[in-house]
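I have placed the structure first, in the form of structure tokens, so that the comments after it can refer back to it.
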Amino acid sequence: MRSMGSIGADGLFTLFLSNIVMVATVGVSLGMSLLYVMRTARNAPRIPPSGSVLVVLGMRLDKGKIKQGYALRLKRAVNIYSINYNRYILVVGGVTDTSRISEATKGREYLISYGVKPEHISIEDESQHTLENLRNARTLLHSNGFDQFTIISNRYHLARSLVIAEGLGLKPGLCAAEDDFVITLTMIPRLLLEAYYIHWYRTGSAWSRLVRNKKSLEKIS
């Protein structure tokens, strides 16, 4: 998530409003988002529809190195590619934190090292978070004439990716990086955080449409 200073006044207001809604509903609204996150994580397939472009969402690097969660996303793309060598893969993610290399560039290097042909890989290395990932991916896919695509990400992250994609007018398929959905102690905070982000996004989207805030709507659609 970006720093508070980069969110902007509208983002801070909708964050505050989202928290008010959670308190007013005694946590029920957040609980509904959490159930959605868990249901999506549990039911996400491991093999996407044939013919769709694989969009691998990036993840912040650890001192320029790929983290385990990101490696799982890339490995899934490699496994799918090994079944059909005509697949195209788009890796998205810019330079974040103190890294000197973009998430997408590092992901491309990883894919090539596992046998994916360079000409079957495209990258988008300007985006800083999931919303920008998908908005920029939309532009690249449309400009290249691709209509079908599948988002590859970790199971806990798929629900938020889908909510944002649908907000952008997209209808992607989903593909889980992990074989199965397993709830561990370290997974619980991630699930809660994803539910919180979804709650914030939906609250902000509903509010922006209600008051017809064009500036905010342009950011999320």
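The values are calculated or read from the model by the stated rules, or taken from the named source; none is laboratory data. On a predicted model such as this, the values are computed, not experimentally measured, just so you know. Please note: Cβ atoms are built from the backbone with ideal geometry, for glycine as well, and neighbour counts cover all protein chains shown. With ligands, DNA and RNA removed, areas are computed over all heavy atoms of the protein, side chains included. Shrake-Rupley method; radii C 1.70, N 1.55, O 1.52, S 1.80 Å.
Observations
- Options I152, I164: the member that is surrounded by 18 or more Cβ atoms within 10 Å (Cβ to Cβ), within 15 Å of L74 (Cβ to Cβ) and within 13 Å of the chain's Cα centre (by Cα): I152
- Qualifying residue in region 75-84 (condition: within 29 Å of L192 (Cβ to Cβ), aliphatic (A, V, I, L, M) and touching a helix residue (DSSP H, G or I) at 6+ places or on another chain (Cβ under 6 Å)): no
- Matching residues in region 164-177 - criterion: being without any contact (Cβ under 8 Å) to a residue 60 or more places away in the chain and touching a helix residue (DSSP H, G or I) at 6+ places or on another chain (Cβ under 7 Å): I164, A165, G167, L168, L170
- Filter result for Y114 (at pLDDT 95 or above, closer than 30 Å to M32 by Cβ and among the hydroxyl-bearing types (S, T, Y)): no
- Scan region 94-118 for residues that are open to solvent by 40 Å² or more (accessible area, probe 1.4 Å) and in contact with a Phe, Trp or Tyr (Cβ under 9 Å, 6 or more places away or on another chain) and the total you get is 4.
- Qualifying position, being over 12 Å from the mean Cα position of the chain (by Cα), touching a residue at least 24 places away in the same chain (Cβ under 8 Å), more than 22 Å from N19 (Cβ to Cβ) and open to solvent by 20 Å² or more (accessible area, probe 1.4 Å), among D125, D180, D147: D125
- Qualifying residue in region 118-140 (condition: of a type outside the set (S, T, Y), in contact with a Pro (Cβ under 8 Å, 6 or more places away or on another chain) and under 28 Å from Y201 (Cβ atoms)): no
- Hey, V55 modelled with pLDDT of 95 or more, β-branched (V, I, T) and on the phi < 0 side of the Ramachandran plot or not: yes
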